[in-house]
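Since the structure comes first, as structure tokens, the remarks are kept for the end.
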Amino acid sequence: MPLTHPYQDLTGGQWLCGNLHAHTTRSDGEREPQAVVDDYAGRGHGFLMISDHDIFTSPDDHATLDAGDLLLIPGNEVTRNGPHMLHVGADRLVEPHGPRQLVIDAINQSQGFCVAAHPNWQEAFDHCPLASLREWQGYLGIEVYNGVISRLQGSPYATNKWDMLLASGRRLWGFAHDDSHAAQGDTGLGWNTVYVTDNSAAGVVDALQHGRFYPSTGVMINSIQVDGTRIRITTDNARRIIALSDLGRRFHTADNATIECDVPDDATYVRFECWGDGETFAWTQPFFVDR
Ligand SMILES: [Zn+2]
Ligand SMILES: [Zn+2]
């Protein structure tokens, strides 16, 4: 039972971290685009997507900003008429059709990819029902962490929905994003650390599409090694690493910055949660068992 996973070839490039979900005064964010760019650049991020609600931030808009070395990724958050979806690496605004499958299809017919946003935002209603996530085809992943939900009704985490989808055979990547709106306190909560060989916005989008990244809220993964069905993960600062299989079943725990274990015979996928100090995590993407 060989494993399919996105970390097969981590050579010749570098790790860059960045956030794909940030609002500005062009929609309901409190800060001008330049102030948002300056904040993320000052945190040492390598890339950023401004994701205003139904407002496309294009390469032409980027040209009006001073981003320094921060790679700016074009996109927006499809918002009107239904569950919110990030259009990452967009070349245009797609129509916000009520049936979200039409939005996903339009995104896939244009440039970029679709990520389901804040799956456990529960204010007034479930903003991204599991039934919809099961029904939709063609989105690349979901936010397993959305920072702004930390101060709203619901849970910032959505690993529960991720496991239910993965256990049903779906191959979806997990993302961690700020969804920053406020001038203070919303920034630097969650990001994706991406292995990039082409140091450009297009290179980041390509690496994300292939899953060559891990979402994080503060734990740094140093190495991911796979030998047959044996997996070894080393981190800088995890206190505990949990190995999980179908529907979130925990099959191995290491109270350590490193874990090494074998994939259980009955697993269809495994993934790892690296828990750090306070409320910090890194989540690996799934390793899928091919049968
Ligand atoms: Zn949203
Ligand atoms: Zn948002």
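Numbers for the structure displayed
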read-out	value
Given 13 as the ceiling on other Cβ atoms within 10 Å, longest exposed-site-free region of the chain for GluC sites (Glu not before Pro) in DSSP loops	124-278
Estimated FRET transfer efficiency (H97, D9; beta-carbon r; R0 25 Å; 0.05)	0.10
Per-peptide average of other Cβ atoms within 10 Å, ordering 181-189, 32-40 highest first	32-40, 181-189
Computed lengthening from R134 to S200, 0.36 nm per intervening residue step minus Cα-Cα distance	20.5 nm
Degrees between helix 33-42 axis and first principal axis of the chain (Cα, 0 to 90, nearest 10)	30
Cut-off 12 Å between beta-carbons: net charge of the residues surrounding R250, Lys and Arg +1, Asp and Glu -1	0
Descending principal axes extents, the chain, alpha-carbon based, whole Å	50, 39, 34
Computed magnitude of the charge dipole of the stretch 3-215 (debye, nearest 20; Cβ of K, R +1, Cβ of D, E -1)	700
With Cα atoms, 0 to 90° folded angle of helix 100-109 axis to the chain main axis	90
Where labels lie 7 Å past Cα in the beta-carbon direction, separation of D262 and Q34 in nm	6.1
Among N192, A117, G141 the positive-end extreme of the charge dipole of the chain (Cβ point charges)	G141
FRET efficiency, H53 to S223 (Cβ-Cβ, R0 35 Å, nearest 0.05)	0.35
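Since every read-out is calculated from the coordinates, none of them should be taken as a lab result. Everything numeric in this text was worked out from a predicted model, so none of it was measured. Neighbour counts run over all protein chains shown; Cβ positions are idealised from the backbone, glycine included.
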